[in-house]
Amino acid sequence: MRYQLVLQLAADTLTDYDALVALESQLTDVLGNGAVDGHDMGSGQANIFIHTAGPADTFRQLVPVLERGGHISRVTAAYRRMDGDRYHVLWPENLSRQFSVT
C-alpha cells in the first residue's frame, strides 16, 4: 500500500521558501530520488510531499534531519493513503487541531 506523508511548516516569506527548498533537498538526500514528490507553499503554510510504503518508519528516518535544521519543533507530519482523503497525524503526538493541506 502506498501513502503520502506530508511535512507541514508555517511559512509565508521568501526566506521561508528558501528554507523549504533547502529542507526538501536534504530529505531527498536521505530518501533518494523518487520518494520526495515536491512541495507547495501558500495560505501561511509550506508542505513537502513524500511517497512511502511506511509513513511512520519514513518519518523516524527523517527526524535527525529535522532536528539538525531546527525544524522538529515547528513541523507537523501527517499521512494519508494515496487513494484516501483523511490524514493521520504522526507528529506532534496529541495534536489538538485538525490537519489539512490547503
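Just so it is clear, none of the values below were taken in a lab; they were calculated from the coordinates. Please read all numbers here as calculations on a predicted model, not as lab measurements. Neighbour counts run over all protein chains shown; Cβ positions are idealised from the backbone, glycine included.
Tabulated data
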read-out: Residues (under 17 Å from TYR3 (Cβ atoms) and either among the acidic types (Asp, Glu) or more than 13 Å from the chain's Cα centre (by Cα) (or both)) located in segment 46-89; value: ALA53, GLY54, ASP57, ARG81, MET82, ASP83, GLY84, ASP85, ARG86
read-out: Filtered residues of segment 60-87 (kept if in contact (Cβ under 8 Å) with a residue 12 or more places away in the chain and over 19 Å from ALA11 (Cβ atoms)); value: GLN61, TYR79, ARG80, ARG81, MET82
read-out: Residue count for segment 1-40, restricted to those that are under 10 Å from the mean Cα position of the chain (by Cα), of a type in the set (S, T, N, Q) and either under 17 Å from ALA53 (Cβ atoms) or surrounded by fewer than 16 Cβ atoms within 10 Å (Cβ to Cβ) (or both); value: 1
read-out: Among residues of segment 28-53, those that are touching a residue at least 40 places away in the same chain (Cβ under 8 Å) and over 14 Å from VAL101 (Cβ atoms), counted; value: 3
